[in-house]
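**Student:** Next up is a structure, given as structure tokens.
The values are calculated or read from the model by the stated rules, or taken from the named source; none is laboratory data. No experiment lies behind these values; they were computed from the predicted model shown. Cβ placement follows ideal geometry from the backbone for every residue including glycine, while neighbour counts extend to all protein chains displayed.
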């Protein structure tokens, strides 16, 4: 008897489901990723034992994702902000937000300079009453 079928496919499926439930209850990101990796292993065993190929492929793909995110969590919250890791730029939302504003609203810089000052009457938009 193969080791994966020793417990039976339903047992692997229930174990995987329980581990997945524990990931949703976790408040610590490192624990969440470790539990997710354990759930991936159980789902892989379940997929092999029950010959459920979509389940197997999904969790084979999720293993490297969870390993990568666990590595990020172990490096600490400031690792990406200091320029380490692939999401370093994305972890600085203010810089990304300012760039997005400039791209979407090129007039925003001029409007920001005019804030607090009265706009000259010639540049004002006519109100609906005056039009």
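**Student:** Only one of these is out of contact with any helix residue (DSSP H, G or I) (no Cβ under 8 Å at 6 or more places or on another chain), modelled with pLDDT of 95 or more and in a helix (DSSP H, G or I): 24, 43. Name it.
**Tutor:** 24 is the lone residue from the list that is out of contact with any helix residue (DSSP H, G or I) (no Cβ under 8 Å at 6 or more places or on another chain), modelled with pLDDT of 95 or more and in a helix (DSSP H, G or I).
Quick grid of which residues meet (1) surrounded by 12 or more Cβ atoms within 10 Å (Cβ to Cβ); (2) farther than 17 Å from residue 19 by Cβ; (3) in contact (Cβ under 8 Å) with a residue 24 or more places away in the chain:
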| site | (1), (2), (3) |
| --- | --- |
| 41 | yes, no, no |
| 49 | yes, no, yes |
| 54 | no, yes, no |
| 60 | yes, no, no |
| 64 | no, yes, no |
| 68 | yes, yes, no |
| 73 | yes, yes, yes |
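**Student:** So, residue 36, is that one within 23 Å of residue 61 (Cβ to Cβ), crowded, with 16+ Cβ neighbours inside 10 Å and at pLDDT below 95 or not?
**Tutor:** No: the conditions fail for residue 36.
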